[in-house]
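Worksheet: the structure to be examined is printed underneath.
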Amino acid sequence: MTPALHLVEVGAARTLTVPIADSPQIVVDTAAGSDFAVTLAGHRTLAAPLHSPATGSQAFTLWVSQDATGGRALAFDPVFAFSTMLAAPVLSPAPAALDVLAFRWHAGRWLLVGANQGFNL
């Protein structure tokens, strides 16, 4: 199930949330936007994003929802890096739970810079 496309308005800024089709390899195309949403229907891996910058900085946010069953896990390609203070997240297991993950490109890696987990909407 692909999440619906949403337009999020924050002040004067507008961000289009790009839906990602559920598959064993979740692929984010950073050329398509900076805000992505997927509903997991099985254990998945977040693949290396398409169009990572050669230099400079870029960021994206991933909205990860559990399906009606819940308990889905998300593994991460080695291009993703985690710190001792913000380890690789374990997704909230409740059915329909929402986790929001923020990544920023730095020195050839996608660094997890924020995680808000366990929303039950």
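The values are calculated or read from the model by the stated rules, or taken from the named source; none is laboratory data. Just so it is clear, the model here is predicted, and its values are computed rather than measured. Methodologically, a virtual Cβ is constructed for each residue, glycine included, from the backbone with ideal geometry; neighbour enumeration extends over all protein chains shown. Note: areas computed on protein heavy atoms with side chains; ligands, DNA, RNA excluded. Shrake-Rupley method; radii C 1.70, N 1.55, O 1.52, S 1.80 Å.
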### Summary
To the nearest Å², the heavy-atom accessible area per residue of the chain with 1.4 Å probe amounts to 54
### Task
List every residue whose amide H lies under 5 Å from the amide H of residue 26, counting only residues 5 or more places away in sequence or on a different chain, with H placed 1.01 Å from N in the peptide plane.
45, 46, 47
### Query
How much net charge surrounds residue 49 when only the other residues with a Cβ under 9 Å from the Cβ of residue 49 are counted, with Lys and Arg +1 and Asp and Glu -1?
-2
### Summary
Taking placed amide H atoms and a strict 5 Å upper bound, the residues 5 or more places from residue 35 or on another chain that come that close are 18, 61
#### Entry: With every protein chain in place, the chain: carbon and sulfur % of accessible area (1.4 Å)
61
### Message
Relative contact order for the chain: what percent, with Cα pairs under 8 Å and sequence separation of 6 or more?
### Response
20
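How much net charge surrounds residue 66 when only other residues with a Cβ under 13 Å from its Cβ are counted (Lys, Arg +1; Asp, Glu -1)?
-1
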### Task
List the residues whose amide H sits under 5 Å from the amide H of residue 80, counting only those 5 or more places along or on another chain, with H placed 1.01 Å from N in the peptide plane.
110
### Summary
Phi angles of segment 71-84, converted by Karplus (6.51 cos²θ - 1.76 cosθ + 1.60, θ = phi - 60°) into ³J(HN,Hα) in whole Hz with x for Gly and Pro, give x, 7, 10, 10, 9, 10, 4, x, 5, 8, 10, 10, 9, 5
